[in-house]
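The values are calculated or read from the model by the stated rules, or taken from the named source; none is laboratory data. The model shown is predicted, which means the values in this text are computed figures rather than measured ones. Cβ: placed from backbone, ideal geometry, glycine included. Neighbour counts: every protein chain shown. Remember, those area values only see protein heavy atoms, side chains included, never the ligands or the DNA or RNA. Shrake-Rupley method; radii C 1.70, N 1.55, O 1.52, S 1.80 Å.
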Amino acid sequence: MVTKIVDLRSDTVTKPTEAMRAAAASAIVDDDVLGSDPTASLFEAEIAALVGKEAACFVPSGTMANLICVLVHCEVRGSEVILGDKCHINVYENGGISTIGGVHSRTVPNNPDGTMDLDLIEAAIRDPHEELYYPTTRLICLENTHANSGGRCISLEYTDKVGEIAKRHALKLHIDGARIFNASVALGVPVDRLVQAADSVSVCLSKGLGAPVGSVILGSKSFIVKAKRLRKTLGGAMRQVGILCAAARVALNDNVSKLAEDHRKAKILAEGLSRIKGLKVNSASVETNIVFFEILESSNISVEKFCNFLKEHGILVMAVDTCSSIRVVLHHQISESDIHYTLSCIQLLFPQYLVGN
Ligand SMILES: Cc1ncc(COP(=O)(O)O)c(C=O)c1O
C-alpha cells in the first residue's frame, strides 16, 4: 500500500503552502475589474518592477497570457507571428492565436536547445513590399525556458540578438517566460536583464514558483492597458482577485530562491537515470527542472508499462505525446529522498540493465 505520492508530472502540481493559504485568507481585497483591488495592484506593481517593465496584468493562466500578448501585438488583421515549431504557443494552446485572434503562424524549427537559427528567423520575415501576397510579420516569440526542449535556457546573448532583429525590422518581441525565473537562476542573469529586449513577457506563477493559480503579463503601460481590455473580452478579468495575488506574492518571495535546488535535484535524477542501461538520457542537457528520457526499444518495456509500474509505487510521471519518451519535472515539494526512491523503483524495472552506482 503506497502512502506517499511523488508527483513528477509537472511543476504545476504543487499545493499552496500554509503561508500562501494564510496570505490568501487575510488579503485585503476589492473589485479588480473596477481597478480597486489593493492586493492585485500591489502585486502587479511589485512584479513589474522585478521584471523591469512598466506595468503588469494578472491573468488566470499562461495560455491566456500568451494569447493576449500575441493578439495585442497583432491587432491588425492579416498579421503573422514567427515562432518555434515546438513552442508551447504553437503546440499546446489549441491554436488560439489563429482560432480566436486570426493571427497567422510562421514556424521556424526549434533546435534541440530551444533556439531557432537567427538566419532562419530573419528569412521568415515577410518583405513588406510584397503585401499583395503575404501576411504582415509583426511579432517574434521566444520561450524561456523552452519546455519541449527539456527546460533548456535561452541565453541573454541570443535573446538580445533576436531583439536586434526585431528592432531592425520594426517587429515586436514576446517572450513566453512561463519559467523565466528558472532560466534567470540557471543562467545567473537577473530576470529584468534577461527580458530587456522583449516588448512583452508572460510569466507563470503556478509552475515552479508554486502559486495555486495565475500568470502575469508584463509590458509598457500602453501595452498593459490594451492587455487588460482584451483580458475582459476573454472573460479573464476577476473581481476579488487579490486572494490569488496574495498567494502569488508569497510564491515570489519564498520560492524563487528554491529553484536552484529544483535544478540540482533534476541533475541528480538525470545522472541516476543515465546509469540505467535501458534508458537514454542526456544529463548534460538538463539545465533546469525538466528531465526528458527515452525508454530504449531493446528493453521491451512500453511507456505505458513504465508509467503504470511507477504509479503502483506512488510515483507519477508523464509520457511525452505518443512516443517512447517520459517527462519528469521537479518542484519544491519533491525532496532529494523522493528522487532516490524514484531511481530505486525504476531500477526494479530494469535490473538486468543496471550498471552500478
Ligand atoms: C512554456 C509554457 N508556456 C505556457 C504554458 C501555459 O500555461 P497554463 O497551463 O497556465 O495555461 C505552459 C504550461 O505548461 C508552458 O509550459
Filtering the range 191-212 down to residues that are buried (at least 24 other Cβ atoms within 10 Å of the Cβ) and free of Cβ contacts under 8 Å to residues at least 60 places away in the same chain yields L194, A198, L205, L209
All-but-one check, G278 against (1) surrounded by fewer than 20 Cβ atoms within 10 Å (Cβ to Cβ); (2) at pLDDT below 95, failing number (1)
**OP:** Determine whether the range 159-170 contains at least one residue that is assigned to a loop (DSSP other than H, G, I, E, B) and within 30 Å of V286 (Cα to Cα).
**Re:** no
Restricting the range 304-320 to residues that are free of Cβ contacts under 8 Å to residues at least 40 places away in the same chain and under 27 Å from K15 (Cβ atoms), the one surrounded by the most Cβ atoms within 10 Å (Cβ to Cβ) turns out to be L310
Cβ pairs under 7 Å, 6+ apart or interchain, first in the range 279-294 and over 19 Å from H331 (Cα atoms) and assigned to a loop (DSSP other than H, G, I, E, B), second open to solvent by 10 Å² or more (accessible area, probe 1.4 Å) and of a type in the set (G, A, S), ordered by first then second residue, are V281/S274
Within the range 227-267, restricting to residues that are under 30 Å from V189 (Cα atoms) and without any contact (Cβ under 8 Å) to a residue 60 or more places away in the chain, the one that is most open to solvent (accessible area, probe 1.4 Å) is N253
In the range 83-118, anything open to solvent by 40 Å² or more (accessible area, probe 1.4 Å), part of a helix (DSSP H, G or I) and either among the small types (G, A, S) or in contact (Cβ under 8 Å) with a residue 24 or more places away in the chain (or both) is listed as H88, V91, S98, L118
Condition set among the charged types (D, E, K, R) and under 19 Å from V81 (Cα atoms), scope the range 159-194, selection nearest to the ligand (Cβ to nearest atom): answer is D176
Scanning the range 20-55 residue by residue, those hydrophobic (A, V, I, L, M, F, W, C), open to solvent by 50 Å² or more (accessible area, probe 1.4 Å) and part of a helix (DSSP H, G or I) turn out to be A22, A25, L42, A45, A49, L50
ask   = Out of all the residues in the range 56-76, is one or more within 16 Å of the ligand (Cβ to nearest atom), part of a helix (DSSP H, G or I) and open to solvent by 50 Å² or more (accessible area, probe 1.4 Å)?
value = yes
Handout entry: Filter result for I47 (in contact with a Leu (Cβ under 7 Å, 6 or more places away or on another chain), under 30 Å from E130 (Cα atoms) and not basic (K, R))
Key = no
Practice task
Restrict the check to the range 255-269 and report whether at least one residue is in contact with a Leu (Cβ under 9 Å, 6 or more places away or on another chain) and assigned to a strand (DSSP E or B).
Solution key: no
Of the residues in the range 122-158, those that are touching a residue at least 60 places away in the same chain (Cβ under 8 Å), part of a loop (DSSP other than H, G, I, E, B) and either away from the ligand (no atom under 16 Å from the Cβ) or small (G, A, S) (or both) number 2
